[in-house]
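Report on one structure; see the data block that follows.
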Amino acid sequence: MKRDTPLDIKICGLTTEEAVDRAVALGASHIGFIFFPKSPRNIEPSDAGRLADRVRGRVKIVAVTVNAGNDDLDEIVDQLSPDILQLHGSESPERVLNVKAVYGLPVMKAFSVREADDLKKIDPYIGIADRFLFDAKPPVGSELPGGNGVSFDWTLMHLLDASVDYMLSGGLNKDNIAEAVRLTGAPGIDVSSGVESAPGVKDLGLMDAFFEAAREAERQTVAGRGQ
């Protein structure tokens, strides 16, 4: 997809006031809260709601869930009032439709990618999911569908139809974000472990460096289009 709008940057797995405030100050378009007990970034809906209230209206608030049932989603939506629901499990197209109908919110559906055939799995969701997120397949033995700090072959993104709106995720950090943006032209990027000093611990300095590198990559992309 050729990007004619500013690069969306989502900081995911936020758990502290300091990290939320810094993400928004740096210009994040989205902030993500993870509701998955196995994740080191897991947060209670009430705590996420309190953090989100600090910046509500200045950034898109994303609730990240993994095969969550309606009881859990009821609590999350009630406490957080998210702008977007991110479904990061094995949710079917029918489930995505159901979630959209019940909660009246846009859905970003995540997919794990290792090879070209993995991208074909989005086909039944086109026209149903409002946006896609492409992450790397988790390492063997990992219980986390995302946030594992591993990347995939970004050149695969050229196989997507240009009309597919997505965020690129998986192992992004200050050192590789320029290459990721250059190779994919992704309209949005998502980072979590790449701005952490330890699993679940956001590092404000790494966040600063990531945004600086991402914005420079964006400038280079725009400059390249103008030549």
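Conditions tested, residue by residue: (1) over 24 Å from residue 134 (Cα atoms); (2) charged (D, E, K, R); (3) surrounded by fewer than 17 Cβ atoms within 10 Å (Cβ to Cβ).
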| residue | (1), (2), (3) |
| --- | --- |
| 58 | yes, yes, yes |
| 69 | no, no, yes |
| 73 | no, no, no |
| 82 | no, no, no |
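Restricting to the range 93-111, name every residue that is open to solvent by less than 60 Å² (accessible area, probe 1.4 Å) and of a type in the set (Gly, Ala, Ser). Give the steps one after another, and end with the answer.
As a first pass, look at the range 93-111 and keep what is open to solvent by less than 60 Å² (accessible area, probe 1.4 Å): 93, 95-96, 99-100, 103, 105-111.
Result: 110, single match.
Matching residues to (1) out of contact with any helix residue (DSSP H, G or I) (no Cβ under 9 Å at 6 or more places or on another chain); (2) among the aliphatic types (A, V, I, L, M); (3) closer than 21 Å to residue 100 by Cβ:
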position	(1), (2), (3)
8	yes, no, yes
24	yes, yes, no
35	no, no, yes
38	yes, no, no
46	no, no, no
57	yes, no, no
67	no, no, yes
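If you go through the range 21-49 and pick out every residue that is open to solvent by less than 30 Å² (accessible area, probe 1.4 Å), over 24 Å from residue 215 (Cβ atoms) and without any contact (Cβ under 8 Å) to a residue 40 or more places away in the chain, you end up with 4. When restricted to residues that are open to solvent by 20 Å² or more (accessible area, probe 1.4 Å) and either among the β-branched types (Val, Ile, Thr) or touching a strand residue (DSSP E or B) at 6+ places or on another chain (Cβ under 8 Å) (or both), the range 112-124 contains 3.
Annotation: of all residues in the range 174-193 being more than 19 Å from residue 114 (Cα to Cα) and in contact with a helix residue (DSSP H, G or I) (Cβ under 7 Å, 6 or more places away or on another chain), the one that is surrounded by the fewest Cβ atoms within 10 Å (Cβ to Cβ) is 182.
The values are calculated or read from the model by the stated rules, or taken from the named source; none is laboratory data. Here the structure is a predicted model, which means the values were calculated and not measured. Every residue, glycine as well, gets a Cβ built from its backbone with ideal geometry; the counts of neighbours run over all protein chains shown. The accessibility values were calculated without ligands, DNA or RNA, using every heavy atom of the protein model including side chains. Shrake-Rupley method; radii C 1.70, N 1.55, O 1.52, S 1.80 Å.
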